[in-house]
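**Student:** Pasting a structure below so you can have a look.
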Protein chains: 2
Amino acid sequence: MARWPGGTPERLQEAAIELFTERGYERTTVAEIATRAGLTERTFYNHFADKREVLFPGQDSFIAGVQDALGRAPTEQSPLEAVRAVFTAGSDWLDQRRNAAERRRHILDAHPDLREREWAKLAALAAAIADALRGRGVPEPAATLTAGVSVTAYHCAAARWLADPQHGTFGQHLHASFDELHRTARNW
Amino acid sequence: MARWPGGTPERLQEAAIELFTERGYERTTVAEIATRAGLTERTFYNHFADKREVLFPGQDSFIAGVQDALGRAPTEQSPLEAVRAVFTAGSDWLDQRRNAAERRRHILDAHPDLREREWAKLAALAAAIADALRGRGVPEPAATLTAGVSVTAYHCAAARWLADPQHGTFGQHLHASFDELHRTARNW
DNA sequence: GCAACTGATTACAGGTTCTGCAATCACTGT
DNA sequence: ACAGTGATTGCAGAACCTGTAATCAGTTGC
């Protein structure tokens with residue numbers, strides 16, 4: 001018998017999402033989150049760097065995964081093709097979590113501080129991609145630009161995926177975004 | 001004779017930059033900034049929404065200006081051309097403030113919280129541009145994508161402008177970024 | 001069997017950020 | 001004179017976050 005029930009960070013995340021949904025992000029204190037999870041405020045900060053981070057579980061490992069996958073992508077792919085393929089490979093994972101993503105999006109949209117953190121995560125993703133591209137021999141500023149453009153397309157696809165009343169798959173929106181990118185690029 | 005010496009926000013900004021440079025962002029309290037400016041902590045918060053905002057003066061009006069200029073850009077320009085032209089129009093303004101920009105960059109680079117705010121400002125800029133493009137009749141998702149790509153190029157240009165040991169003008173780096181964008185787009 | 005170790009949790013104290021509210025006070029217009 | 005304006009201030013307090021040390025069930029080494 002374990003001394004402490006497992007899944008502490010998960011319990012904190014669930015409690016946080018419940019409370020944020022019920023009464024909003026600002027009107028919820030960290031102490032309340034911890035209490036609902038059967039823990040104390042101090043324990044919350046043992047698992048999350050700050051109050052916002054509880055809404056971004058696994059983001060850092062996702063970013064690391066993208067960077068890693070890009071490192072082993074076939075060399076004959078162009079940089080943008082490689083990134084696009086890596087994103088596409090992870091699209092099923094997202095589709096299976098649409099409900100959770102929708103609830104999370106609601107909370108994020110309601111508070112600027114949380115969107116700020118989201119942009120920070122996207123910037124970190126772009127930095128990781130740029131790093132991987134440089135590792136593939138892409139020179140600057142092409143690496144940074146390609147990474148930024150890719151993340152823009154990714155983010156745009158994610159937004160439209162969640163806003164889509166027809167509930168199309170993330171993969172469909174991803175391809176639509178990248179295709180639109182090619183189309184508009186032709187008019188430059 | 002005015003009751004209070006003028007330029008309160010400017011004095012707070014100068015005091016903040018001095019202190020952040022001397023002992024770092026984290027080791028400087030808002031009370032210390034206010035005291036150095038001959039004011040109180042409460043007055044600081046009358047002028048800035050939070051501690052970080054003191055390093056982003058006039059950003060919101062800059063964003064509004066970009067949006068406004070885009071609204072009156074000639075219709076025969078393609079969306080990306082229009083944005084590029086608006087950015088170029090403001091490049092002299094930046095060149096005249098290179099020193100201040102360098103000091104500010106040093107402070108920003110040293111603390112993640114500040115970079116987070118910077119990304120939030122860039123995201124706000126992208127949103128404003130997307131809005132202006134939609135006003136020009138650009139449909140979604142092209143508007144959002146073009147705006148995102150533009151801001152990526154802008155940000156990349158700004159970074160390289162400040163990192164350039166040859167001290168090239170911002171306009172040169174801006175054009176280099178946009179040209180590189182065209183070049184890489186051809187390999188997609 | 002027993003002691004030392006481990007590692008998650010907890011208790012506590014305290015600094016900092018940020019907000020709400022009411023008061024001050026020189027200047028302004030009537 | 002005299003009320004109005006508006007920037008500043010004082011004060012109280014909630015919430016966020018951190019450092020440090022204590023607790024204690026389970027595990028390991030002997």
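**Student:** Over segment A:56-186, average the accessible area per residue using a 1.4 Å probe and give it in Å², no decimals. Write out the running numbers ahead of the final one.
**Tutor:** On the way: 6100 Å² over 131 residues.
Here the per-residue accessible area is 47 Å².
**Student:** Which value, in debye to the nearest 20, gives the size of the charge dipole of segment A:1-93 about its Cα centre, when Lys and Arg are +1 and Asp and Glu are -1 at the Cβ? Working shown, then result.
**Tutor:** Details: 10 positive and 14 negative charges, 62 e Å.
The calculated dipole for segment A:1-93 is roughly 300 debye.
**Student:** Enter the mean projected area of the convex hull around the alpha-carbon atoms of segment B:149-188, in nm², rounded to one decimal.
**Tutor:** If I average the Cα hull's projected area over directions, I get 2.7 nm².
**Student:** Roughly how much of B:T40 is accessible, in Å² to the nearest 10, using a 1.4 Å probe?
**Tutor:** The value for B:T40 is about 80 Å².
**Student:** Report, in cubic angstrom per residue, the convex hull volume of the C-alpha atoms of segment A:1-105. Before the final figure, lay out each step's value.
**Tutor:** On the way: hull volume 15.3 nm³, N = 105.
Roughly 145 Å³ of hull volume per residue.
**Student:** Let me ask something else. With heavy atoms of protein chains only and a 1.4 Å probe, what residues of segment B:133-159 have at least 40 Å² less accessible area in the full set of chains than alone?
**Tutor:** The answer is B:P141, B:L145, B:V149, B:T152, B:C156 - residues whose exposure falls by at least 40 Å² when every protein chain is included.
**Student:** A follow-up question, please. Once every DSSP H run of n ≥ 4 in the protein assembly as shown is given -39500 (n - 2.57) and the sum is divided by its residues, what mean residue ellipticity at 222 nm do you get, rounded to the nearest 500 deg cm²/dmol?
**Tutor:** Numbers: 20 runs with 267 residues, N = 376.
The helix-only estimate for the protein assembly as shown comes to -22500 deg cm²/dmol at 222 nm.
**Student:** Need the per-residue list for segment A:168-188: every residue with at least 10 Å² less accessible surface in the complex of protein chains than in the chain by itself, probe 1.4 Å, sorted by number.
**Tutor:** A:S177, A:E180, A:L181, A:H182, A:T184, A:A185, A:N187, A:W188
**Student:** So what is the accessible area of segment B:8-53 per residue, in Å², with the probe set to 1.4 Å?
**Tutor:** Values: 2600 Å² over 46 residues.
Result: 57 Å² of accessible area for each residue.
**Student:** Any residues in segment A:100-119 that have 50 Å² or more less accessible area with all protein chains than in their chain alone, probe 1.4 Å, and which are they?
**Tutor:** Buried-area filter returns A:E116, A:W119.
**Student:** Same structure again: Kindly state, to the nearest 0.05, the FRET efficiency for B:D95 paired with A:A49, given R0 = 51 Å and r defined as their beta-carbon distance.
**Tutor:** Working: r = 38 Å, r/R0 = 0.75.
The formula returns an efficiency of 0.85 here.
**Student:** So, by mean Cβ neighbours within 10 angstrom, what's the order for B:107-117, B:10-20 with the highest one leading?
**Tutor:** On the way: B:107-117: 16.5, B:10-20: 19.5.
Final packing ranking: B:10-20, B:107-117.
**Student:** Given a cut-off of under 8 Å on Cα pairs at least six residues apart, what relative contact order in percent is computed for chain B? If you can, show how the numbers build up before the last one.
**Tutor:** On the way: 142 pairs, mean separation 37.0, N = 188.
20 percent.
**Student:** Shortest first and in nm to one decimal, what separations exist between A:T29 and its copies in the other chains, measuring from label points 7 Å along the Cα-to-beta-carbon line?
**Tutor:** Ordered by increasing distance: 2.2 nm.
**Student:** To continue, here is another question. Provide the net charge surrounding B:R11, with neighbours chosen by a C-beta distance below 13 Å and charges set as Lys +1, Arg +1, Asp -1, Glu -1.
**Tutor:** Numbers: positive: B:R36; negative: B:E10, B:E14, B:E18.
Result for the local shell: -2.
**Student:** Hey, got the Cα dimensions of segment A:85-188 along the principal axes, in Å, largest first?
**Tutor:** Computed over segment A:85-188, the largest-to-smallest principal extents equal 40, 30, 27 Å.
**Student:** Restricting things to alpha carbons, find the Rg to Rh ratio for chain B using the Kirkwood radius for Rh. Walk me through the numbers before you get to the answer.
**Tutor:** On the way: Rg = 18.7 Å, Rh = 18.2 Å.
My calculation puts Rg/Rh at 1.03.
**Student:** Still on this structure: What ³J(HN,Hα) values, in whole Hz, does the Karplus curve 6.51 cos²θ - 1.76 cosθ + 1.60 give for segment A:109-115 when θ = phi - 60°, with x put for Gly and Pro?
**Tutor:** Whole-Hz 3J(HN,Hα) from phi for segment A:109-115: 5, 7, 8, x, 4, 6, 5.
**Student:** Using a 1.4 Å probe on protein heavy atoms only, how many Å² of accessible area do A and B hide from each other, summed over both chains and rounded to 100?
**Tutor:** Details: alone 11010 and 11030 Å², together 19430 Å².
Summed over both sides, the interface buries about 2600 Å².
**Student:** Could you check the simple spin-label distance between B:Q166 and B:S61, using points 7 Å along Cα→Cβ, in nm with one decimal?
**Tutor:** Placing both labels 7 Å along Cα→Cβ, they lie 3.5 nm apart.
**Student:** Express the carbon and sulfur contribution to the solvent-accessible surface of the protein assembly as shown as a percent, rounded to the nearest whole number, probe 1.4 angstrom.
**Tutor:** Details: 10100 of 19430 Å².
Heavy-atom surface of the protein assembly as shown belonging to carbon and sulfur, 1.4 Å probe: 52 percent.
**Student:** No solvent, one uniform scatterer per C-alpha: report log10 I(q)/I(0) for the protein assembly as shown via the Debye equation at q = 0.12, 0.14, 0.15 1/Å, two decimals.
**Tutor:** Ignoring solvent entirely, the Cα scatterers give -1.06, -1.37, -1.48.
**Student:** Follow-up. Would you mind pulling out the separation of the Cα centroids of segment A:75-123 and segment A:1-32, in Å?
**Tutor:** Between the Cα centre of segment A:75-123 and that of segment A:1-32, the gap is 23 Å.
**Student:** Please work out how much accessible surface B:R103 shows to a 1.4 Å probe, ignoring ligands, DNA and RNA, in Å² rounded to 10.
**Tutor:** Accessible surface of B:R103 is approximately 130 Å².
The values are calculated or read from the model by the stated rules, or taken from the named source; none is laboratory data. Just so it is clear, the structure is predicted and the values come from calculations on it, not from any experiment. Using ideal geometry, Cβ is built from the backbone for each residue, glycine included, and neighbour counts are taken over all protein chains shown. The protein model used for the area step is the full one, side chains on, heavy atoms only, and it has no ligands, DNA or RNA in it. Shrake-Rupley method; radii C 1.70, N 1.55, O 1.52, S 1.80 Å.
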